[in-house]
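Peer 1: Can you read through this structure? Questions will come right after.
The values are calculated or read from the model by the stated rules, or taken from the named source; none is laboratory data. Quantities reported herein were computed from a predicted structural model and do not represent experimental measurements. Note that each Cβ is placed from the backbone with ideal geometry, even for glycine, and that neighbours are counted across all protein chains shown.
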Ligand code: URP
Ligand code: ZN
Ligand code: ZN
């Protein structure tokens, strides 16, 4: 290291990666982790941070978010890439993967280029995009998309009323094509016919309050669709990632698929672990609608078991922010309420409090679920998701003893409500660094506003899930 002058030295902290926790100093230069060392070494830097009693995590990676969600070409969610990524940074998140949604009949490459053009000038943190495929046209664009760095392709088994779903024949064909080019598929799994059937029955009975959103999508809706797409993945050999698993049955299916050697991974979200159907009651119940819906205590316990045994690979937020007005101010029947809740700024502190403080998972397990596994599943590791020398200096300094009560006032969303309102947590991120740039300090976004870059992902980096050559 000689007499190298550094940008930042973080001293006396406890570094956490998937191998363990260890006391060391971490030096940053030119956006990269330059050295990890003990003692003084005579090094100096523009900024020296004393991180005594603090934890040093690799930046959190949220590979399932929806900023400025578009429907039929119109932005319908409340945030922008700018406000969303700044809130994310304040929550310790340094990389997101959002979605370019193919409009039926339109070239997905065009949708991807437009989404990227929109995000590029706005993003405060690094980002990538999955491509949501909504029809069978333009399958020949898959290799071009892969060469552009889009290696994961989303599909929906439901949302026929929004023209998003693929039928079984289409799914099989789509899986085969993605497999041919060595990509992966990622699924929102709910049985569309069942949803429509239950929904119509409930509406006919006049049952339109928010709680009936959950009743219209009972467990079997998720279980059937997950089992079906697992069979299709087995048949075609494609790598499959199961989005937002909510049920005991869904997480058990993932467990058994892994046992049988399928190339499959899965995720759940903080809201499925912390909230249940009761959140649909009361005057603000309508705000908490998302799909799949919130479940029961038994499902929460089952999901927790599947996190602990390593079946569930990652925690993501499915962040999708709507104002009270855009959710209809409590006046709409459940099937007309826009689906989605915010979560990106609170996911690290909520999961630290639940998984480490209460459920006694280790810090390396937490970091695996929220940084290293997402990076490796989606082809970003080790540039992201590690604290290795030479990789991007994306760092969260976390105070495990700082207590906060969740409320809109301490967060950076553009809305006045929060699904985790009044929850008390111990542990909060106090600094977030992206490639050596200080983005957040003590609850304030202070960084450059558009330092984020598009991350091209490559097939060969789909770590741990490589296709045999
Ligand atoms: O309810 C959910 N998951 N909302 C996210 C946005 C969408 O429509 O996929
Ligand atoms: Zn979804
Ligand atoms: Zn989603």
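Peer 1: Given the condition within 16 Å of ligand 3 (Cβ to nearest atom), within 30 Å of residue 204 (Cα to Cα) and modelled with pLDDT of 95 or more, answer yes or no: does some residue in segment 258-270 qualify?
Peer 2: no
Peer 1: Go over the candidates 152, 147 one by one and state the one that is more than 30 Å from residue 216 (Cβ to Cβ) and either touching a strand residue (DSSP E or B) at 6+ places or on another chain (Cβ under 8 Å) or without any contact (Cβ under 8 Å) to a residue 24 or more places away in the chain (or both).
Peer 2: One residue alone meets the criteria, 147.
Peer 1: Identify the residue in segment 293-339 that is within 16 Å of ligand 2 (Cβ to nearest atom) and out of contact with any strand residue (DSSP E or B) (no Cβ under 8 Å at 6 or more places or on another chain) and, among all such residues, is farthest from residue 376 (Cα to Cα).
Peer 2: The extreme case among them is 337.
Peer 1: Restricting the search to segment 18-60, which residues are in contact with a helix residue (DSSP H, G or I) (Cβ under 6 Å, 6 or more places away or on another chain) and surrounded by 16 or more Cβ atoms within 10 Å (Cβ to Cβ)?
Peer 2: Correct list: 18, 57, 58, 60.
Peer 1: OK, next. Against the conditions (1) out of contact with any strand residue (DSSP E or B) (no Cβ under 6 Å at 6 or more places or on another chain); (2) more than 24 Å from residue 372 (Cα to Cα); (3) touching a residue at least 60 places away in the same chain (Cβ under 8 Å), where does residue 32 fall short? Just the number, please.
Peer 2: For residue 32, the exception is condition (2).
Peer 1: Do any helices (runs of 4 or more DSSP H) entirely within segment 107-205 hold 2 or more residues that are within 16 Å of ligand 2 (Cβ to nearest atom), and if so, which?
Peer 2: In segment 107-205, the matching helices (runs of 4 or more DSSP H) lie at 192-204.
Peer 1: Let me ask something else about it. Here are 282, 187: which of them is modelled with pLDDT of 95 or more and at positive phi?
Peer 2: Just one listed residue meets the conditions, 282.
Peer 1: Identify all residues within segment 168-191 that are within 16 Å of ligand 3 (Cβ to nearest atom) and farther than 13 Å from residue 240 by Cβ; write none if there are none.
Peer 2: 190
Peer 1: Determine, yes or no, whether residue 113 is exposed (fewer than 14 other Cβ atoms within 10 Å of the Cβ), at pLDDT below 95 and away from ligand 1 (no atom under 16 Å from the Cβ). Walk me through how you get there before you give the answer.
Peer 2: Working: exposed (fewer than 14 other Cβ atoms within 10 Å of the Cβ): yes; at pLDDT below 95: no; away from ligand 1 (no atom under 16 Å from the Cβ): yes.
It is false that residue 113 is exposed (fewer than 14 other Cβ atoms within 10 Å of the Cβ), at pLDDT below 95 and away from ligand 1 (no atom under 16 Å from the Cβ).
Peer 1: Consider only pairs whose beta carbons are under 7 Å apart and that are at least six residues apart or on different chains; among these, list those whose first residue lies in segment 3-22 and is closer than 14 Å to residue 366 by Cβ and whose second residue is part of a loop (DSSP other than H, G, I, E, B).
Peer 2: 15/387; 17/386; 17/387
Peer 1: Output the number of the condition that residue 73 fails; it satisfies all remaining conditions of (1) surrounded by 24 or more Cβ atoms within 10 Å (Cβ to Cβ); (2) more than 30 Å from residue 23 (Cβ to Cβ); (3) within 16 Å of ligand 1 (Cβ to nearest atom).
Peer 2: It fails just one condition, (1).
Peer 1: With the requirement that a residue be more than 16 Å from ligand 3 (Cβ to nearest atom) and surrounded by fewer than 23 Cβ atoms within 10 Å (Cβ to Cβ), what does segment 151-165 give you? Can you show your working first?
Peer 2: We begin by selecting, within segment 151-165, every residue more than 16 Å from ligand 3 (Cβ to nearest atom); these are 151, 160-161, 163.
Once the filter is applied, which keeps residues that are more than 16 Å from ligand 3 (Cβ to nearest atom) and surrounded by fewer than 23 Cβ atoms within 10 Å (Cβ to Cβ), segment 151-165 yields 160, 161, 163.
Peer 1: Which residues, counting only those in segment 179-210, are more than 30 Å from residue 140 (Cα to Cα) and within 16 Å of ligand 1 (Cβ to nearest atom)?
Peer 2: 195, 199, 210
Peer 1: Considering segment 16-71 alone, what residues qualify as being at positive phi and within 16 Å of ligand 3 (Cβ to nearest atom)?
Peer 2: Scanning segment 16-71 gives a single hit, 68.
Peer 1: Suppose we filter 244, 271 for residues that are in contact (Cβ under 8 Å) with a residue 60 or more places away in the chain, at positive phi, within 23 Å of the chain's Cα centre (by Cα) and within 16 Å of ligand 2 (Cβ to nearest atom); which single one remains?
Peer 2: Every option except 244 fails the conditions.
Peer 1: Something else: Being assigned to a loop (DSSP other than H, G, I, E, B) and either surrounded by fewer than 19 Cβ atoms within 10 Å (Cβ to Cβ) or more than 18 Å from the chain's Cα centre (by Cα) (or both) narrows it down to one residue among 324, 305; which is it?
Peer 2: 324
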